[in-house]
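Peer 1: Have a look at this one.
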Amino acid sequence: MPNPERTLTLRLTATDAGSYRLHLELPDAGQQSADFTPPYDPITWRAVMLALEPHFALDQADAATRATIHRLGGLATLHQTTGTALARALLADEGIRASFDDVLVQAEAHRQPLPVELRFGAGCDALAALPWELLYHNGRFLVADTSIALSRYPEGALPPTPARADLPLRLLLVLSEPVDASPIFPQRAREELLHGLRTLDEVGAVVVDLLRPPTFDTLIEALTNGGYHVLVFYGHGLYDPAGGGQLVFEDPFGGGDPVQADHLGAALRNTGVRLVVLGACQSAQVGEAGGMWSGTAPALLRAGVPLAVGMQVSMRVDAAQAFIRQFALSLAAGKPVTEAVANARKPIVRDTYGKMWFAPALYGRPSGDYRLFEPAAPLPEATADLRAEMKTQRAEIARLEGAVGAIGVLGQPAEIARLRAARARFARARAELARRTPGGYAPVTSPLYGVPSNPVFVGRSSELREVGQELSADAPVVIWGTGGIGKTALAIEVAHRQGWRFPGGVLWLDCRGGAALDTLLGRIGAFCGIEDMDQVEPKKKEPWVRAALAGLGERCLLAWDNAEDVWGDRAVRASSRRCRPTASA
């Protein structure tokens, strides 16, 4: 009975004569070799890769590209045409094709994907740039239907590195959406992804942290001190034939900050990161001119990361989200990374995702197998109680966040105080988990209190950056203008993006209708953690609030929306000056 987990190796090498050789290798089964000839010339491949982009429009392409795509049979069948050409070239030798079909049938008999490791030797840069995930053989896409679990292995002088880690795995999530770039992550989609990943905390195998703010400098701090095993980046990316791969982080004020692949590799070198998942456009793309190490994903392997997943072309937002979510779930279940990638393609095989299933590419150079941990390995002792406690607390926080977001300034403020207390309890439980499973952790609870959501917000990048820069100081910030121009929407977006600057919290004060000073003080006091503000004597509320704000010990922000409705009240103005937080807007 064959071992369903044994890996089939297909090694491509370059000869001194400028041609290529293909070597098929199986454990305990010897090696077969044959000549290999790419199915298309470089000009044709450039046209194919351009046409595989999700937003490609044939009628807007140049004449040469249009002619090439028409010659290949048209855009509608390009995936199958390209995959067929690749498979015929790879399996042109009868002996290699027979061996390949034999092990494929054996894997199917075990209802397991066949692990296929496609290795690229020196001088095979042009071959590494091809979309091998499109392989079409025996009437089906082998990667799309998970007949094979394909990984790419760039060979070189660097030694392979181990992928295994002790439980729990620590995952760092980076969501980068610069204000001066196109929006890619609607708020609901962001919340769904965060919820899906964070519930893995409670499963026990994975601990998930969100990087705040999503800057490159903060990433370096987290990687240096956090003990992370997995890095997931979701944001913009690109491949420049002259400069190689790039990821776009945010600068401290929300603007775009492109980071070269080799700089990201330097940040990851000599860390404990075993796997990097890049939900960014063209993050697995390589160019013949730049070489196979010029792409972002392979550059990380060169820095010593055993495994990296990236996207060969631009990736649709919905497809990337579905892929990352399923990948994380399979990974937490103990699947090998090869199998987790194969499983993650399943949600995006439908045409509704624009045939994006081929875009993810796994690069790997592990010294052992492709597992990040042993599924049967026990979790650290005495953490089950903490995880159960965190699950209960997370549900309570979600309930209170919903209540605080709905009550408005005139409602009862007690929920605000209870929310702060619940977040504090959760933070203590998470800190205790960190103590029992050593490693640094990023902030784990939101700093926002009553800040409305911004389901759709686009543009106004210069205003967002300007307000962010002003909030880096401690002086009050005023957003002013005529009614209806979007001051509130701008303030909401700033609060969500810049809330990380205020570990003491951000309180939204909706002053519509001219709320009384007593009501405002009650809400601020509750924000500081005083649950019974409604029972405090009116004349004592201001001293209590002043003391409570000072007692927070951290920067906080009070956002006064529709402030003109209360600013005519002399008592409100005077009290606001005496009850100043470290920042106010």
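Peer 1: Out of the residues in the range 403-414 that are more than 32 Å from the chain's Cα centre (by Cα) and outside any loop (DSSP other than H, G, I, E, B), which is modelled with the lowest pLDDT?
Peer 2: Ile407
Peer 1: Check Gly304 against each of (1) of a type in the set (Gly, Ala, Ser); (2) part of a strand (DSSP E or B); (3) out of contact with any helix residue (DSSP H, G or I) (no Cβ under 6 Å at 6 or more places or on another chain) and name the one condition it does not meet.
Peer 2: The number of the failed condition is (2).
Peer 1: May I ask you to say which residue of Leu386, Leu400 is of a type in the set (A, V, I, L, M, F, W, C) and either at pLDDT below 80 or surrounded by fewer than 12 Cβ atoms within 10 Å (Cβ to Cβ) (or both)?
Peer 2: Leu386
Residues checked against (1) farther than 23 Å from Ser461 by Cβ; (2) surrounded by 21 or more Cβ atoms within 10 Å (Cβ to Cβ):
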position: Leu231; (1), (2): yes, yes
position: Phe249; (1), (2): no, yes
position: Ala280; (1), (2): no, yes
position: Thr296; (1), (2): yes, yes
position: Leu300; (1), (2): yes, yes
position: Gly304; (1), (2): yes, no
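Peer 1: Would it be correct to say that Thr482 is at pLDDT below 85, closer than 30 Å to Val456 by Cβ, among the polar types (S, T, N, Q) and not assigned by TED's automatic domain parsing to the domain that holds Phe253?
Peer 2: Spelling it out, Thr482 is indeed at pLDDT below 85, closer than 30 Å to Val456 by Cβ, among the polar types (S, T, N, Q) and not assigned by TED's automatic domain parsing to the domain that holds Phe253.
Peer 1: Can you confirm whether Ala63 is out of contact with any helix residue (DSSP H, G or I) (no Cβ under 8 Å at 6 or more places or on another chain), more than 20 Å from Ala98 (Cβ to Cβ) and at pLDDT 95 or above?
Peer 2: It is true that Ala63 is out of contact with any helix residue (DSSP H, G or I) (no Cβ under 8 Å at 6 or more places or on another chain), more than 20 Å from Ala98 (Cβ to Cβ) and at pLDDT 95 or above.
Peer 1: I'm trying to understand the selection: among the residues of the range 517-548, which are among the β-branched types (Val, Ile, Thr) and outside any helix (DSSP H, G or I)?
Peer 2: Ile530, Val536
Peer 1: Looking at Asp561, Asp518, Asp565, Asp569 in this structure, which one is of a type in the set (D, E, K, R), under 40 Å from the mean Cα position of the chain (by Cα) and in the same structural domain as Ile492 (by TED's automatic domain parsing)?
Peer 2: Asp561
Peer 1: Only one of these is on the phi > 0 side of the Ramachandran plot, surrounded by fewer than 23 Cβ atoms within 10 Å (Cβ to Cβ) and either touching a residue at least 60 places away in the same chain (Cβ under 8 Å) or of a type in the set (S, T, N, Q) (or both): Gly514, Gly504, Gly529. Name it.
Peer 2: Being on the phi > 0 side of the Ramachandran plot, surrounded by fewer than 23 Cβ atoms within 10 Å (Cβ to Cβ) and either touching a residue at least 60 places away in the same chain (Cβ under 8 Å) or of a type in the set (S, T, N, Q) (or both) holds for just one of Gly514, Gly504, Gly529, which is Gly529.
Peer 1: Read through the list (1) in a loop (DSSP other than H, G, I, E, B); (2) surrounded by fewer than 16 Cβ atoms within 10 Å (Cβ to Cβ); (3) in contact with a Pro (Cβ under 8 Å, 6 or more places away or on another chain), then give the number of the only condition that Arg88 fails.
Peer 2: (1)
The values are calculated or read from the model by the stated rules, or taken from the named source; none is laboratory data. Since we're looking at a predicted model, the values are computed, not measured. Every residue, glycine as well, gets a Cβ built from its backbone with ideal geometry; the counts of neighbours run over all protein chains shown.
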